[in-house]
1. Which members of region 139-171 meet the condition of being open to solvent by less than 50 Å² (accessible area, probe 1.4 Å), in contact with a Gly (Cβ under 9 Å, 6 or more places away or on another chain) and not β-branched (Val, Ile, Thr)?
2. Anything in region 93-129 that is open to solvent by 80 Å² or more (accessible area, probe 1.4 Å), out of contact with any helix residue (DSSP H, G or I) (no Cβ under 9 Å at 6 or more places or on another chain) and closer than 25 Å to Glu240 by Cβ? List them, or say none.
3. Looking for something within 15 Å of the ligand (Cβ to nearest atom) and either over 30 Å from Glu29 (Cα atoms) or part of a loop (DSSP other than H, G, I, E, B) (or both) - is there at least one such residue anywhere in region 93-112?
4. List every residue pair whose Cβ atoms sit under 8 Å apart, with the two residues 6 or more apart in sequence or on different chains, where the first one lies in region 196-219 and is among the acidic types (Asp, Glu) and the second, anywhere, is not in a helix (DSSP H, G or I).
5. For residues that are surrounded by 12 or more Cβ atoms within 10 Å (Cβ to Cβ) and either in contact with a strand residue (DSSP E or B) (Cβ under 8 Å, 6 or more places away or on another chain) or outside any helix (DSSP H, G or I) (or both), tally how many sit in region 1-36.
6. Of the residues Ser192, Ser245, which single one is open to solvent by 30 Å² or more (accessible area, probe 1.4 Å), assigned to a loop (DSSP other than H, G, I, E, B) and touching a residue at least 12 places away in the same chain (Cβ under 8 Å)?
7. Hey, among Ser54, Ser50, Ser86, which residue is of a type outside the set (Lys, Arg) and not in a helix (DSSP H, G or I)?
8. Can you name the condition, by its number, that Pro186 falls short on among (1) in contact (Cβ under 8 Å) with a residue 40 or more places away in the chain; (2) touching an Asp or Glu at 6+ places or on another chain (Cβ under 9 Å); (3) of a type outside the set (Phe, Trp, Tyr); (4) within 16 Å of the ligand (Cβ to nearest atom)?
Amino acid sequence: MRLKAVELIRRRSAAIEKVKRYLAGTIKEHEETFDSNNIRDFIDLYHKVSMDESEPEIFTEANIYKVIVDLFLAGGETTGTSLDWSLLYMLRYPDIQRKCQAEIDKVVGTNRRVKLSDKGSLPFLEATLLEIQRIGNTLTFSLPHVAKTDATLQGYLIPKDSIVIANLYSAHIDEKYWDDPETFRPERFLDSDGKIQRKDAFVPFSTGPRFCIGEPLARMELFLFFTNLLQQFSFTPTDENDLPSLDGIQALTLTALPYHLVAKPR
Ligand code: HEM
């Protein structure tokens, strides 16, 4: 499925506005019902600290919104959505799922959990995760940035103060950089010796000085969850004749449509 940039940005902006309204309402409701003897959750705790704290310029109302966005959206929603895509692709590509499991069985076995230190010995698994990120496009665009000065890029003038958003999705489906980009093929990330090969056009975490600050954490989480799930379970669709769609829906992230699966202990 080819996606249209303007439409995606419009939908993402609408989702951001919805989340802002929801968060503003939730924070206000917490303030109105706050009881320092009954701390119900993170918002209450933040509120309590902001009253106790000697640094009021840090624990401001504006900052609670930013902390929630960083923790739950930038940190949680993105990685959760990527994991969602991972299982969906395993349902749709059972041969690749079996190949991943065979690599885990050979390198790690079944008597212990997969650890981060196994990563270098599991290249097919790593390639599969990279390919899922490329084709799943959890974040279709970078965040908006502002041009600080006039700049020229490939002959185009970008005037000072323009808002610039990088289209990461277009880099992941560009035929100049990827053979047959719409095909799911983890091997494209392996060289002739079966080792991982990096690709310049692979930018799921964006690029430049403001690229995703959580990249190492996200890559670690994806690896540990994905490998340990595949070590313990085989994933199949609930109905072989009605496979879940690979089309995403653009909200804050490009999210897989809801689907069911069967997780069978191995
Ligand atoms: C698979 C998971 C993730 C993906 C695909 C992802 C992707 C991205 C992308 C594309 C950006 C925009 C960079 C730009 O505008 O150029 C970004 C920014 C950011 N990400 Fe992530 N991210 C993920 C996980 C995380 C995690 C786990 C955290 C933190 C716990 C995190 C925190 C942030 C923050 C704070 C920013 C803003 C950085 C800034 O403005 O300088 N991300 N991420």
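1. Across region 139-171, the qualifying residues are Ser142, Ala166.
2. Asp95, Arg98, listed by residue number.
3. The initial filter retains those residues of region 93-112 that are within 15 Å of the ligand (Cβ to nearest atom), namely none.
Within region 93-112 (the criterion being within 15 Å of the ligand (Cβ to nearest atom) and either over 30 Å from Glu29 (Cα atoms) or part of a loop (DSSP other than H, G, I, E, B) (or both)), the answer is no, since none of the residues qualifies.
4. Asp200/Tyr177; Glu215/Phe205
5. So the answer is 8.
6. Details: Ser192 fails: touching a residue at least 12 places away in the same chain (Cβ under 8 Å).
Going through Ser192, Ser245 in turn, the sole match is Ser245.
7. Values: Ser50 fails: not in a helix (DSSP H, G or I); Ser86 fails: not in a helix (DSSP H, G or I).
Going through Ser54, Ser50, Ser86 in turn, the sole match is Ser54.
8. (4)
The values are calculated or read from the model by the stated rules, or taken from the named source; none is laboratory data. Small disclaimer: the values here were computed from a predicted structure and weren't measured. Cβ sites come from the backbone with ideal geometry, for glycine too, and all protein chains shown count toward neighbours. We work out accessible area using only protein heavy atoms, side chains counted, and drop any ligands, DNA or RNA first. Shrake-Rupley method; radii C 1.70, N 1.55, O 1.52, S 1.80 Å.
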